[in-house]
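Below: one structure, written as structure tokens.
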Amino acid sequence: MIKNINLSDFNYVFNSSELLDIKKKNFIYGKNGTGKSSLTKAILKQYQTTYDIHVFNGWKGIIAENDRLDSIALGTTNSSILKQIKEIDNDIEILGKEIEEPEDKSVENLYTKIKNSKDKQKRQENKLEKFYTNSAREITNQFSLARSYNKNHFKKDIENARTLIDDERKQLKETIEIKYLDIGEEEQKFISINLESILNSVNEILQMAVIPSVVIHEFNDNFKKEQFAKEGYHIHDKGEKCAFCGNEISSTRWERLDSYFSDEINNLEGRIENGLKYLDNKLEEVKKLTVINENIFYPKFKDIITNLNKTILEKKDEYRNFLENLRTNLEDKKAKMTIEVQNIKIDIPSDFSKIEQEYKVVFTDNREYNENFKLEREKAQNKLRYHKVQSLLFMFDYNKEKDKYGDLQVEINTLEEERDEKANKIRNLKTQKDELIKKSTDETKSVQNINELLKGLGNRAFVLDYVKNEHEQKGQYSIKDLKGAERSIQTLSDGEKNIVAFLWFMHNINKVKEGEERGKEKIVIFDDPMTSNDDNAQYLMIGLLNKYYQDDNNPQIFILTHNNQFFLQATPTTKKYPTDSKPNPNQKYIRLIKVEEKTDIQVIENHKDEIKPLYDELWEELKFAYDNNKPIFMWNNMRRIIETFNKFNYRKGSPSDIERQLVGMVDKTLATALIKSLNVNSHIGYQTDIDISGKTREELKNLFEDIFNRLGNKYHFESYWSR
């Protein structure tokens, strides 16, 4: 059993830090705002893990409204479950509104965003498809493709599209326009002359010199004269006269000439002549070398052939110049056979091997091209078509338009992922809801007991009727009057909900909570149980409470209330206070009084200090404020006393009627403010508030006494003040 309550965490509410000597039965009275709920919180904070604490503080923790079924969920479990289900249903509704088609076309949500994005994408797709179709038609017309080419072919061509330079297009067009060539099998022949060997041979001849056996002074080392004589020697016969001078050539002269122009000279001369003939043959061979026939090559090889032919002609000129140079030097040697001539120093032209190698490659390629002529024409057509495709793509700004479509797809994917995520959340929430429904409890026995007790409410009576719903959620009840007519739960007042919740709580108070250890000591707290209930309901609640706490086997109990009448009726008729013979009774009575900002806890220990009826309580509070020198607190109680007094004595009068009786008062301003306060409630702000900070408690007391004297109720004041 709880012995004391630690209030240190609630020092902003109470002046005391601890409430000691708690009994089995505890009755606590305090106006609204004096800390009753804080006291309950303090008990829970300190003892909820130690004891099995049950708290009744109104219907909201026990009853939940099911608007969908127009019913109530009864019981803490069902009420909690329904609240959770409502939250889930609300979440499902919110999520559903985001992903489902809205009825209001002006509302934008995920559904409309996805639809709008898909509509945009469809328009973009149609734009692209129209481009594909128109482009395919244009290509079909340009390349005469008839029905063999359509937009699907165009789409495939896009990945191969590329821009051609003018020369490439020209060559490809020529490839398409040319006819099949008969190139034959014979390859171009190239000369093979060993120029180095020829040069060496010529230099060898130039280095040769024949020394004559006689000296003919007439030559006088003049090669021309010697050449002239040599020619004459060969064209004249012995005994002839000289064709030049007409003189007869003597035998002696012939002998000398024979000796001079000996066989060695003849041999050298013959070698020179042979060399000249060889060079002439090679020059003829070079001359006969022809360029490559371009007509047997397809256009794609024309540039290569043109370059090769240019190289061939250049090489022919090099060969000819080289051989003619050698020939010239040999011709000069004829006149210089008796002397050595300087070697010819000249660069030897490269041979035709590189040209021949390049030629063989292009010839082979040309032959293969010829063999694959149809395929090559098709390749050329394709390349030209790809060029046209690229041109159309560029004019359409295809990449930008395609990116628009792709960006919309990314946007749709993102939105659909968000939608799917929310749809998955809805599925999970529905699963959670199903699990909660399975946990709902059957309250049949509780309702039977509640209905029996509700019948005692007279003409305000009603009963609970079980509602079987499609989800089989238990503990759902509709409302019927005593004639069996359905009542909407919207017609239930807070007082009616409160009495139903209270009856359920009383019926289930001794049940062991789910998951709670059996044998754990129970504590029961009624935190302001009576709320907006009529007299019949109050008496029913009071009767059940009296019966409950009178059973000594019942657990420790706390009853807290702000209602004066309820407290007087709910507490035992015979109250047990500490006496010398029984210093420790099992009952404790406490009064909470708020003075300015904090609450004082007063333990009632005798009959004299017992809680009085409401009007008496107001006088007690006024005297308490007076004793504690709290003028503002006195002022508030004076207002409430005047208000209550007026209800019984001046029911037909008005504040102005009462005010006329205050003529001649010393402090008529304060007196008038009190009377005018009859038009407002004491617990809210007053339009007639005035500053009383300068008034003492005695001045306020004297003012109050004077008012009652002038109202003709002097003894009324004296009677209540002297108690």
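The values are calculated or read from the model by the stated rules, or taken from the named source; none is laboratory data. Bear in mind the structure is a predicted one, so any value in this text is a computation, not a measurement. Note: ideal-geometry Cβ built from the backbone for every residue, glycine included; neighbour counts use all protein chains shown. Note: accessible area is taken over every heavy atom of the protein model, side chains too, but ligands, DNA and RNA are not part of it. Shrake-Rupley method; radii C 1.70, N 1.55, O 1.52, S 1.80 Å.
Would you be able to tell me the number of residues in segment 87-136 that are in a helix (DSSP H, G or I) and either in contact with a Gly (Cβ under 7 Å, 6 or more places away or on another chain) or within 23 Å of Glu421 (Cβ to Cβ) (or both)? Before you say what the answer is, go through the steps one by one.
Applying the first criterion (in a helix (DSSP H, G or I)) to segment 87-136 yields 87-99, 110-136.
Now restrict to residues that are either in contact with a Gly (Cβ under 7 Å, 6 or more places away or on another chain) or within 23 Å of Glu421 (Cβ to Cβ) (or both): 87-99, 110-121.
Qualifying residue count, segment 87-136: 25.
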Exercise for the section: Any chance you could count how many residues in segment 56-86 are touching a residue at least 24 places away in the same chain (Cβ under 8 Å) and either touching a Pro at 6+ places or on another chain (Cβ under 6 Å) or in a strand (DSSP E or B) (or both)? Expected result: 8
Exercise for the section: Take segment 284-299 and flag every residue that is assigned to a helix (DSSP H, G or I) and either open to solvent by less than 30 Å² (accessible area, probe 1.4 Å) or touching a Lys or Arg at 6+ places or on another chain (Cβ under 6 Å) (or both). Expected result: Val286, Pro299
Fill in the blank from the handout: Taking segment 64-92 and keeping only residues that are within 36 Å of the chain's Cα centre (by Cα) and either under 17 Å from Asn498 (Cα atoms) or among the hydroxyl-bearing types (Ser, Thr, Tyr) (or both), one is left with Ser80
Exercise for the section: Kindly indicate whether Thr441 is β-branched (Val, Ile, Thr), over 30 Å from Asp119 (Cβ atoms), modelled with pLDDT under 85 and open to solvent by 20 Å² or more (accessible area, probe 1.4 Å). Expected result: yes
Fill in the blank from the handout: Within segment 683-723, restricting to residues that are closer than 20 Å to Phe624 by Cβ, among the charged types (D, E, K, R) and not in a helix (DSSP H, G or I), the one that is modelled with the lowest pLDDT is Arg723
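In segment 310-337, which residue that is touching an Asp or Glu at 6+ places or on another chain (Cβ under 8 Å) and surrounded by fewer than 17 Cβ atoms within 10 Å (Cβ to Cβ) is farthest from Leu268 (Cα to Cα)? It would help to see each step written out before you state the result.
We begin by selecting, within segment 310-337, every residue touching an Asp or Glu at 6+ places or on another chain (Cβ under 8 Å); these are 327, 334-335, 337.
Keeping just the survivors that are surrounded by fewer than 17 Cβ atoms within 10 Å (Cβ to Cβ) gives 334-335.
Values: Lys334: 9, Ala335: 11 Å.
Among residues in segment 310-337 that are touching an Asp or Glu at 6+ places or on another chain (Cβ under 8 Å) and surrounded by fewer than 17 Cβ atoms within 10 Å (Cβ to Cβ), the one farthest from Leu268 (Cα to Cα) is Ala335.
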Practice task
Please state which of the following conditions Ile235 fails to meet, knowing it meets all the rest: (1) at pLDDT 90 or above; (2) open to solvent by 30 Å² or more (accessible area, probe 1.4 Å); (3) within 28 Å of Leu279 (Cβ to Cβ).
Solution key: (1)
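Answer with yes or no whether Asn141 is open to solvent by 80 Å² or more (accessible area, probe 1.4 Å) and out of contact with any Lys or Arg (no Cβ under 6 Å at 6 or more places or on another chain).
Working: open to solvent by 80 Å² or more (accessible area, probe 1.4 Å): yes; out of contact with any Lys or Arg (no Cβ under 6 Å at 6 or more places or on another chain): yes.
Spelling it out, Asn141 is indeed open to solvent by 80 Å² or more (accessible area, probe 1.4 Å) and out of contact with any Lys or Arg (no Cβ under 6 Å at 6 or more places or on another chain).
I'd like the full set of residues that are open to solvent by less than 30 Å² (accessible area, probe 1.4 Å) and either more than 15 Å from Phe567 (Cβ to Cβ) or not hydrophobic (A, V, I, L, M, F, W, C) (or both), limited to segment 605-622.
We begin by selecting, within segment 605-622, every residue open to solvent by less than 30 Å² (accessible area, probe 1.4 Å); these are 611, 616-619, 621-622.
Asp616, Glu617, Trp619, Glu621, Leu622 - these are the residues of segment 605-622 that are open to solvent by less than 30 Å² (accessible area, probe 1.4 Å) and either more than 15 Å from Phe567 (Cβ to Cβ) or not hydrophobic (A, V, I, L, M, F, W, C) (or both).
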Completion exercise
Sole miss for Asp420 among (1) of a type outside the set (A, V, I, L, M, F, W, C); (2) closer than 30 Å to Glu138 by Cα; (3) under 33 Å from the mean Cα position of the chain (by Cα) is condition (2)
Practice task
For Gln409, indicate whether it is open to solvent by 30 Å² or more (accessible area, probe 1.4 Å) and touching a helix residue (DSSP H, G or I) at 6+ places or on another chain (Cβ under 9 Å).
Solution key: yes
Handout entry: Filtered residue count, segment 8-37, keeping only those that are within 52 Å of the chain's Cα centre (by Cα) and either open to solvent by 70 Å² or more (accessible area, probe 1.4 Å) or within 17 Å of Ile523 (Cβ to Cβ) (or both)
Key = 6
Exercise for the section: Among what's in segment 159-184 and is free of Cβ contacts under 8 Å to residues at least 12 places away in the same chain and part of a loop (DSSP other than H, G, I, E, B), pick the residue that is surrounded by the fewest Cβ atoms within 10 Å (Cβ to Cβ). Expected result: Lys179
Completion exercise
Per the list (1) modelled with pLDDT under 80; (2) within 52 Å of the chain's Cα centre (by Cα); (3) over 18 Å from Tyr548 (Cβ atoms); (4) not basic (Lys, Arg), residue check on Val512 breaks on (3)
Exercise for the section: Would you please list the contacts, defined by Cβ atoms under 8 Å and residues six or more apart or on different chains, that run from a residue in segment 143-158 that is on the phi > 0 side of the Ramachandran plot to a residue that is surrounded by 16 or more Cβ atoms within 10 Å (Cβ to Cβ) and not in a loop (DSSP other than H, G, I, E, B)? Expected result: Ala146/Thr140
Problem - Selection status of Ile114, open to solvent by less than 20 Å² (accessible area, probe 1.4 Å), among the aliphatic types (A, V, I, L, M) and closer than 30 Å to Gln490 by Cβ - result: no
Fill in the blank from the handout: From the option list Asp91, Asp52, single residue qualifying as farther than 19 Å from Leu7 by Cβ, open to solvent by 20 Å² or more (accessible area, probe 1.4 Å), in contact (Cβ under 8 Å) with a residue 60 or more places away in the chain and not β-branched (Val, Ile, Thr) is Asp91
Practice task
Give the residue that is modelled with the lowest pLDDT, with candidates limited to residues of segment 589-642 that are under 12 Å from Thr34 (Cβ atoms) and hydrophobic (A, V, I, L, M, F, W, C).
Solution key: Val595
Fill in the blank from the handout: Going through (1) part of a loop (DSSP other than H, G, I, E, B); (2) open to solvent by 40 Å² or more (accessible area, probe 1.4 Å); (3) within 16 Å of Thr561 (Cβ to Cβ) one by one, Pro572 fails only at (2)
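Filter segment 539-561 for residues that are part of a loop (DSSP other than H, G, I, E, B) and out of contact with any helix residue (DSSP H, G or I) (no Cβ under 7 Å at 6 or more places or on another chain); which is surrounded by the fewest Cβ atoms within 10 Å (Cβ to Cβ)? If you could, list the steps in order and put the result at the bottom.
Just the residues of segment 539-561 that are part of a loop (DSSP other than H, G, I, E, B), to begin with: 551-555.
When the remaining residues are screened for being out of contact with any helix residue (DSSP H, G or I) (no Cβ under 7 Å at 6 or more places or on another chain), the result is 551-553, 555.
Working: Asp551: 8, Asp552: 8, Asn553: 4, Pro555: 19.
Per the criteria, the residue is Asn553.
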Completion exercise
Among the residues of segment 351-392, the number that are open to solvent by 40 Å² or more (accessible area, probe 1.4 Å), touching a residue at least 24 places away in the same chain (Cβ under 8 Å) and assigned to a loop (DSSP other than H, G, I, E, B) is 1
